[in-house]
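**Student:** The structure under discussion is supplied below as structure tokens; questions concerning it will follow.
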């Protein structure tokens, strides 16, 4: 059995979670793509679950806003179409907290993915052209997700 792979997710507020979920669900239906909870991955992969939980429990996350820089797309599955977020002190600090306890490197490019699917650049641009999204999102939680399996099988472990 392979070792579980965990990811640290920064979670949007209830209102923004619902807003972004609607978009992700709609794109999933239209492009036959798996759906997932909206999030900004702070660090992945991590293998030391206990240390990560300790890190989260050492600070009380205060809600903060992240700013959307633009909608973007790439050939990378995890950034098929995404909201590029402006780096800020809170994001940098949170990423560093998990980087400090990890033996792995993670190139942190803050974003919120809207679809995971192998689609042409032209289709990705059509998606972007048809979306009109908010400029700011409130983030107010951290989750640890078991992302060892397929997207449909991801599950929250903390």
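**Student:** Considering only residues that are modelled with pLDDT of 95 or more and farther than 19 Å from residue 69 by Cα, which ones fall in the range 100-138?
**Tutor:** 116, 117, 118, 119, 120, 121, 122, 123
**Student:** Among the residues of the range 127-152, write down those that are part of a loop (DSSP other than H, G, I, E, B) and surrounded by 19 or more Cβ atoms within 10 Å (Cβ to Cβ).
**Tutor:** Start the filter on the range 127-152 by keeping residues that are part of a loop (DSSP other than H, G, I, E, B), which leaves 130-135, 147-150.
147 - this is the single residue of the range 127-152 that is part of a loop (DSSP other than H, G, I, E, B) and surrounded by 19 or more Cβ atoms within 10 Å (Cβ to Cβ).
**Student:** Being in a strand (DSSP E or B) and within 17 Å of residue 26 (Cβ to Cβ) is the filter here; which residues of the range 107-126 pass it?
**Tutor:** Quick first cut of the range 107-126, residues in a strand (DSSP E or B) only: 111-115.
The answer is 112, 113, 114, 115.
**Student:** Applying the selection to the range 43-67, what residues are out of contact with any strand residue (DSSP E or B) (no Cβ under 8 Å at 6 or more places or on another chain) and over 23 Å from residue 137 (Cα atoms)?
**Tutor:** 48, 50, 51, 54, 55, 57, 58 - these are the residues of the range 43-67 that are out of contact with any strand residue (DSSP E or B) (no Cβ under 8 Å at 6 or more places or on another chain) and over 23 Å from residue 137 (Cα atoms).
Residue-wise test of (1) under 24 Å from residue 43 (Cβ atoms); (2) surrounded by fewer than 16 Cβ atoms within 10 Å (Cβ to Cβ); (3) free of Cβ contacts under 8 Å to residues at least 40 places away in the same chain.
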{"position": "88", "(1), (2), (3)": "yes, yes, yes"}
{"position": "97", "(1), (2), (3)": "yes, no, no"}
{"position": "102", "(1), (2), (3)": "yes, no, no"}
{"position": "111", "(1), (2), (3)": "yes, no, no"}
{"position": "125", "(1), (2), (3)": "no, yes, no"}
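**Student:** Mind telling me which of the residues 70, 40 ends up being loosely packed, with under 14 Cβ neighbours inside 10 Å and touching a strand residue (DSSP E or B) at 6+ places or on another chain (Cβ under 6 Å)?
**Tutor:** Numbers: 40 fails: loosely packed, with under 14 Cβ neighbours inside 10 Å.
That would be 70, the only listed residue that is loosely packed, with under 14 Cβ neighbours inside 10 Å and touching a strand residue (DSSP E or B) at 6+ places or on another chain (Cβ under 6 Å).
The values are calculated or read from the model by the stated rules, or taken from the named source; none is laboratory data. On a predicted model such as this, the values are computed, not experimentally measured, just so you know. Please note: Cβ atoms are built from the backbone with ideal geometry, for glycine as well, and neighbour counts cover all protein chains shown.
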